[in-house]
1. For residues that are within 14 Å of chain B (Cβ to nearest Cβ) and surrounded by fewer than 12 Cβ atoms within 10 Å (Cβ to Cβ), tally how many sit in the stretch A:193-218.
2. Of everything in the stretch A:229-259, what is in contact with a Phe, Trp or Tyr (Cβ under 7 Å, 6 or more places away or on another chain) and away from chain B (no Cβ under 13 Å)? Give them in sequence order.
3. Contact list please: Cβ distance under 6 Å, first residue in the stretch B:155-169 and on the phi < 0 side of the Ramachandran plot, second residue polar (S, T, N, Q) and assigned to a loop (DSSP other than H, G, I, E, B), pairs at least six apart or on different chains.
4. Go through the stretch A:1-83 and tell me which helices (runs of 4 or more DSSP H), entirely inside it, have 2 or more residues that are within 12 Å of chain B (Cβ to nearest Cβ) and at pLDDT below 90.
5. Just one of the numbered conditions (1) within 14 Å of another protein chain (Cβ to nearest Cβ); (2) without any contact (Cβ under 8 Å) to a residue 60 or more places away in the chain; (3) among the β-branched types (V, I, T) is not true of A:V299; which one?
6. If the requirement is being surrounded by 14 or more Cβ atoms within 10 Å (Cβ to Cβ), more than 15 Å from B:L244 (Cα to Cα) and β-branched (V, I, T), which of these qualifies: B:T160, B:T195, B:T218?
7. Applying the selection to the stretch A:321-332, what residues are outside any loop (DSSP other than H, G, I, E, B) and surrounded by fewer than 16 Cβ atoms within 10 Å (Cβ to Cβ)?
8. Got a sec? Which helices (runs of 4 or more DSSP H) wholly within the stretch B:42-155 have at least 1 residues that are out of contact with any Asp or Glu (no Cβ under 6 Å at 6 or more places or on another chain), among the hydroxyl-bearing types (S, T, Y) and surrounded by 15 or more Cβ atoms within 10 Å (Cβ to Cβ)?
Amino acid sequence: MRSLLVIFIGLALFLSCRKDNVGYEPSPYELEIPSHFPDMIIPKDNPMTVEGVALGRKLFYEEMLSGDNTMSCASCHAPVNSFTDPNQFSTGIDGIQGNRNSMALVNLGWQKFFFWDGRAGSLEQQILGPVPNPIEMHQSWKDAVAKLDQDVNYRNLFYKAFGEPGIDSLKVTKAIAQFIRTMISGESKYDVMYKFENSLPLSSNDQAILPTVTPEEWAGYDLFKSLNGADCLHCHSGVLMHINKFSNNGMDASFTDPGRGGITGNPNDMGRFKIPTLRNIALTAPYMHDGRFANLDQVIDHYSTGLVSSPTIDPLMEHLATAGVQLDVQERDLLKKFLMTLTDYNFVNNPKFQDPGE
Amino acid sequence: MRNLLNIFIGLVFFSLSSCKEDPVKTVPDPMDELKVTIQPTFGSTALQLDQTVYTNEGYAIQFTDIRFYLTSLKNSSGKQLTQAALFDYRNNGTALFNAPGKPADFPSLLGYFGVDSSLNHDDPTAFPTTNPLNILIANDMHWDWNPGYIFLKIEAKVDTLTDGIDNFNHYVVFHVGADAWLQPWSLSGITWSQTSQYLHTLPLKLDMQKFLQNGAQTIDVKTEHSSHSLAGEEALSIKVIQNLRDALSPL
């Protein structure tokens, strides 16, 4: 009897001191933030973990998230196109096209709102959208989660990432958001120019790149920043090459797409769209919210001679009276050469961002 | 046997409760806090962005953006209240800043209208992410590092034709920065209003009518409508920042 009592007491003590979530020991993920970038603000309810990022990467390429198992996030955000779609409009699983160009996924961890109209206030919220969207992946989250839940590998991966059994849409979006936050581009030729210009330390690799920056690229950079040149800096500057703002950049006199105005209902927001980053711009054609410009030459032409007035045009389109900044042929060429320096092949080809396969 | 059972039950109960971790007390000690707000007005009337008001010249004007920095705010003894504050009416409403501090320590405030030159050329990515000088908060209030921050942005749409027809196609863009335009700013005899046990508030107003008509220092938006602090814009740049500074006063 006494030995039985000892066993019971030992068992009770063992049970009482057991930790919750046995086996949940996620490894913190250390983001590789370039030295000249600001810190990234990570949501407190979705800390970065190695397990979460790995799961998010797998889910990013997961075609089960679409109704007919043919489409993943990467279908419209392909690595080879700097994580965007080379088509003017993406086509969903039912063959229906949207009316806005797919946005490039780069440095999204520093952005404050998402989609061209900014209707999502967080990356997690943005990721909730495309799965049930009838013109995109067209599948209820309930069905998407049920498919994932059939896969024992996913059940384990979710458990490792979140420390509890079960899969739901929130966990899917959190994992994909973690992966997307790792997609940092900061190794273009422009980054070396930026660091050099601002007397920041250059790595040995930077020092090797610096002499390859041509006089034409420097001249294009000067034009880019000049108020009396290309006047791009109002909306595209700094390491992120964009600002957090909605703008009507003078493309239409009236609007078939209300843009931000469709979300806020404010007449002053009609025809305004999120200002995108210019990073990897040479790889992300076509351009503008509706993908109307097939190449950079057309974009430069627009700002040079194609501005159109409308009641909500951004006051910073200060050359509206002359329909644009009036760049000549040589200046257009210099500006384009500078825009090419924003390409970061290390980012696009980074194996950590590719399809992990099975 | 019954004694043994009672002992056993007691031990189980003890063991189940003994190893529970006490919840960590995370409630910090109360701290005195000072809050400064700014209500834009046009004369004596509260002003909203995009609202139509009329200048002394009779022009209809709609302000679309009102932003500016105050920096290095200290008391007369040099005790700092906050390093930097950004007023951004569109995105933050009337809030300017909250900072730890006791009202008795700050009967006056001295600092700069604009960004102190000791901060103006620092790396905008290196400030803490909660600091208004961090590029993530500064956003487009910064020119690519040098010459530094844009001290103020006033943007507006104006109808300069007094014909009764709305036609707001004349734009006003004042972006003033650069060390040469930094202005000292001070406020004395401050009366902090107690708004809760540990919070005291100083409400200020920014009179945009005074901004346009600051005594003899008038801005005629029909002819003086653009400044980016470039060479050749000196006279307007200094007038813009001085007028805006002078438009800021206790509510």
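The values are calculated or read from the model by the stated rules, or taken from the named source; none is laboratory data. If you're wondering where the values come from, they're calculated on a predicted model, not measured in any experiment. As a convention, Cβ positions derive from the backbone with ideal geometry for all residues, glycine included, and neighbour counts pool all protein chains shown.
1. 2
2. Selection gives A:A230, A:G259.
3. B:D159/B:N167
4. A:2-16
5. All conditions are met except number (1).
6. B:T160
7. A:A321, A:T322, A:V329, A:Q330
8. It comes to B:89-92.
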